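Report on one structure; see the data block that follows.
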Amino acid sequence: MTVDLSILTGPPATPTAPFLVRQAESVADLAAYRSLRRQAFVVEQGLFDGTDLDEVDDDPRTVVLVATAPDGTVLGGVRVAPRTEPDSGWWAGSRLVVARGSRRGAVGPALVRAACAFVETAGVLRFDAVVQARYAAMFASIGWITTDRTAVHGTPHVVMRWPIGAVQRLVDSTKAVLATALAPFADARMGLGGSGFRGDDGAPVPGSDLVAACDAIVPSMVERDPEWAGWCAALVNVNDLSAMGAAPVGLLDAVGAPTASHLARVVRGLARASQVWGVPVPGGHTHVGVPAALSVTALGRTSSPVPAGGGRVGDHLRLTVDLGGGWRPGYTGTQWDSTSTRSSDELRAMGSFVARAAPHAAKDVSMAGLAGTAGMLAEASGTGVELDVTAIPRPDGVETGRWLTCFPGFAMITADSPGHTVPDAGPATTAVCGRLTSTPGVTLRWPDGVTTTAVESAVTGLGRA
């Protein structure tokens, strides 16, 4: 009797892939890649005389990806590199080449896909290539779009761009649901903040000079980093009040924790923040033996609350941000920590900036990132926004894509008339980096004058405040 043991052994092993795309790791990898380039572009096509090497090859920031056979033979390669110094988040791919015997296979498309994946992982927000016209269809089949046509040494080429949707994906995942989810509140008196403050950072309390704000911390963060969660619960609430031009007067916490020790760590972080900011926690609610959870309500005072929706077409957009510190351990690329090392005086100086500047509109940068939050201010103002990428204050060595989509600690976006004078921002850096426009959505302006779309239209769907 024949026994079928396939249910025990599993399906047949998958054959070894004919090639692997990886980053060039050695001088030999680079030499083989450049040899293929010379054979294709100098000898076969005659696009260059003698050599196709250029300044991009000499740039230490340039990254070469190669496709190698199982025996290590380099079958093709492509290089990707920043277009500006310092790196503005605009990169280009070039010198895509495939060995003669592999040109009808999948090596070329695989190298292009790998280049796209590499730059997105590296925090790039614009990725271009000048492609020989005969290969434009292959690029288009992957998702590239044509932006122009040109010629290189007399050979027709197409200027193409890979659409990077990092900002759009972020706002879709964090803010796009708001209009639908909060619709039941919309028609109630003072629902969603009331007229002029719809969907704002805080809500002015009628008949008083109080402003109320509330934020919850992501449960996974409360679970794995409880003291940081406690600190951030104060930070994001005080930021909300600061964006409204309000001075904080108190915090109320609602804490859930699986154990007493976990609870103590959350409270320790919140208590330290309360002490440094000088904002008391006079009450709240505590629950032990439940999944980790944390929410804080903040109260502040101002006689002139600053709305997020007060911007006007033509207003200059300003970013005031603390560039000190660094990535929070465990949150590289997503959470910047400058505030935990600041003194009380420094935090108060930054926190009072909006109140002293008295702009048309203001919003603190939160989980939608800089670009998404700018879009929220524009949406509330009934405008769009254009950001000048190279004018955005950014810490040295931090990629543009990560900076525009992270939580930056302390960061305020304000909109006001061109030439509006602003006060000292303490240790924070402040600079005009954009303008409000009549076209909905968020666009990015690059050093060559080209604009790309970061957010197609409204961020939240809540509309004008």
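What follows is calculated from the coordinates using simple rules that are stated; it is not laboratory data. Since the structure is predicted, the reported quantities are computational estimates derived from the model, not experimental observations. As a convention, Cβ positions derive from the backbone with ideal geometry for all residues, glycine included, and neighbour counts pool all protein chains shown.
Listed values, structure above:
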quantity	calculated
Contact order normalised by residue count of the chain, Cα under 8 Å, 6+ apart, percent	14 percent
Fraction of antiparallel bridges per DSSP, the range 194-289 only, in percent to nearest 5	25 percent
Highest-first arrangement of 119-128, 259-268, where packing means the average Cβ count within 10 Å	119-128, 259-268
Contour excess over end-to-end distance, with Cα ends at Val313 and Gln23 and 0.36 nm allotted per residue	99.8 nm
Convex hull of Cα atoms in the chain, direction-averaged projection (nm²)	30.6 nm²
Computed E for Ala216/Thr150 - FRET, C-beta separation, R0 51 angstrom, nearest 0.05	0.50
At 1.567 mPa s and 4 °C, Stokes diffusion of the range 54-97 via Kirkwood alpha-carbon radius, µm² per second	113 µm²/s
Nonlocal amide H pairs with Asp201, under 5 Å, H built at 1.01 Å	Ala308
Whether the range 203-305 is rounded, prolate or oblate, judged on the alpha carbon gyration tensor where a/c under 1.5 counts as rounded	prolate
Sum of side-chain charges, Glu44 neighbourhood, beta-carbon under 10 Å (Lys, Arg +1; Asp, Glu -1)	+2
Per-pair calculated FRET efficiency, R0 = 25 Å: Arg134 and Val56 via Cβ, rounded to 0.05	0.65
Relative contact order of the range 203-305, pairs being alpha-carbon contacts under 8 Å that are 6 or more residues apart, as %	43 percent
From phi via Karplus (6.51, -1.76, 1.60), per-residue ³J(HN,Hα) for the range 63-78 in Hz, x at Gly/Pro	10, 10, 9, 10, 9, 10, 6, x, 8, x, 4, 7, 9, x, x, 7
Net charge, Ser343 excluded, C-beta distance under 14 Å - Lys, Arg +1, Asp, Glu -1	0
Peptide ranges 367-375, 324-332 listed from the most packed, as the mean C-beta count within 10 angstrom indicates	367-375, 324-332
Euclidean distance of C-alpha centroids, the range 417-448 and the range 346-369, integer Å	13 Å
For the range 45-91 and the range 239-263, distance of Cα centres in Å	50 Å
The range 20-164: Rg to Rh, with Rh as the Kirkwood radius over Cα pairs	0.93
Cut-off 12 Å (backbone N to label point 7 Å along Cα→Cβ of Leu47), residues of the range 25-39	37-39
Protection proxy ranking, peptides 338-344, 229-235, average beta carbon neighbours within 10 Å, highest first	229-235, 338-344
Among Ala298, Pro280, Ala216 the positive-end extreme of the charge dipole of the range 203-305 (Cβ point charges)	Pro280
